[in-house]
Amino acid sequence: MKIGFIGTGNMGAALAQAVAQVPGHQVLLSNHNPAKAQTLAQLTAGTLLSNPDLVSQADVIFLGVKPYLLASLTQDLAPLAKPETVWVSMAAGVPLASLAQHLPLDHTIRIMPNTPVAIGQGMTTYSLANPDLAPLLEHLLAASGRLMQLPENLLDAATALAGCGPAFVYQMIEALTDAGIEQGLKPSDAQTLVAQTLLGTAQMSLQSDKHPAQLRQEVTSPGGSTIAGVVSLEKHGFRAALMEATKAAVQKTKELGQ
Ligand SMILES: NC(=O)c1ccc[n+]([C@@H]2O[C@H](COP(=O)([O-])OP(=O)(O)OC[C@H]3O[C@@H](n4cnc5c(N)ncnc54)[C@H](OP(=O)(O)O)[C@@H]3O)[C@@H](O)[C@H]2O)c1
């Protein structure tokens, strides 16, 4: 199949690299400034085309432009596509109903990926009206990490947790790294300690049936140093800050999609 990507910025490029690892498909790329997509074309063995040429050839089209550009872009390009072409929108907050103003609803998928798809460790949620499209999406994104189909009314929440989540986690890595530097560690050592600790903790959480509170308790001996840190985090509103950040991100996602 010919798999097209319109808009090869951060997210479109990350997904194109994941799709390029699935054998048997040809990658087609189109970007507003084509020079920006040259390296990606080499990485994916992809062909750079104009938007209209890509749309007329592709069997599946991933739309990687900003949400506010989507309506005019699909209005112009949808009439040039083959009737059976499948459209995949990654635009934050844009509902299937809005996409269906210019795209055929039963050939359209709304996805919410995150940037770790570029290294095969992504978390992509998706919603669709036509369940027959799910196996195709799961096949094309098989090298991207995990996928989870959700009812569309939960996709904005998933956007905040998984789409925006990497930014929250990077902020945490940065803060903990600085904390380690303050205690005398070399910056590179501090960053490795923090990132590997997050990775290991996340893997244990995925592999365990235990609630995170129980896993935390197993690290927290009575009167010890960990509980001293945990109490300090509680005093400074750590959990409330994360919950408020998620709520703010959901609210903004809803606004962006309108
Ligand atoms: N970044 C994330 O973590 C993330 C996560 C989940 C979903 N998303 C979604 O992914 C989409 C893209 O976000 P992004 O962060 O990747 O933005 P980005 O880096 O700015 O990429 C957007 C790309 O679209 C290109 N473009 C603009 N107009 C175009 C047109 N008419 N035809 C072809 N290409 C065009 C831009 O090219 P020029 O730069 O040359 O103008 C740019 O390369 C958004 O809808 C966003 O909601 C992003």
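The values are calculated or read from the model by the stated rules, or taken from the named source; none is laboratory data. Not measured: the values here are computed from a predicted model. Methodologically, a virtual Cβ is constructed for each residue, glycine included, from the backbone with ideal geometry; neighbour enumeration extends over all protein chains shown.
Report the residue count in segment 154-190 for those that are among the polar types (S, T, N, Q), assigned to a helix (DSSP H, G or I) and away from the ligand (no atom under 12 Å from the Cβ).
Result for segment 154-190: 3.
Matching residues to (1) surrounded by 16 or more Cβ atoms within 10 Å (Cβ to Cβ); (2) in contact (Cβ under 8 Å) with a residue 60 or more places away in the chain; (3) more than 30 Å from VAL169 (Cα to Cα):
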{"position": "ALA18", "(1), (2), (3)": "yes, yes, no"}
{"position": "THR39", "(1), (2), (3)": "no, no, no"}
{"position": "GLN57", "(1), (2), (3)": "yes, no, yes"}
{"position": "TRP87", "(1), (2), (3)": "yes, no, yes"}
{"position": "VAL94", "(1), (2), (3)": "yes, yes, no"}
{"position": "SER98", "(1), (2), (3)": "yes, yes, yes"}
{"position": "GLN101", "(1), (2), (3)": "no, no, yes"}
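Pick from segment 219-250 the residues that are loosely packed, with under 12 Cβ neighbours inside 10 Å and either acidic (Asp, Glu) or within 16 Å of the ligand (Cβ to nearest atom) (or both): which of them is farthest from ALA158 (Cα to Cα)?
GLU234
Return yes or no: is LYS36 at pLDDT below 95 and either closer than 25 Å to PRO104 by Cβ or out of contact with any Cys (no Cβ under 7 Å at 6 or more places or on another chain) (or both)?
Answer is yes for this residue.
Among the candidates VAL55, VAL94, which residue alone is touching a strand residue (DSSP E or B) at 6+ places or on another chain (Cβ under 9 Å), closer than 23 Å to LYS254 by Cα and β-branched (Val, Ile, Thr)?
VAL94
Could you check, for segment 129-145, whether at least one of its residues is more than 23 Å from ALA16 (Cα to Cα) and acidic (Asp, Glu)?
So far as segment 129-145 goes, no, none of its residues is more than 23 Å from ALA16 (Cα to Cα) and acidic (Asp, Glu).
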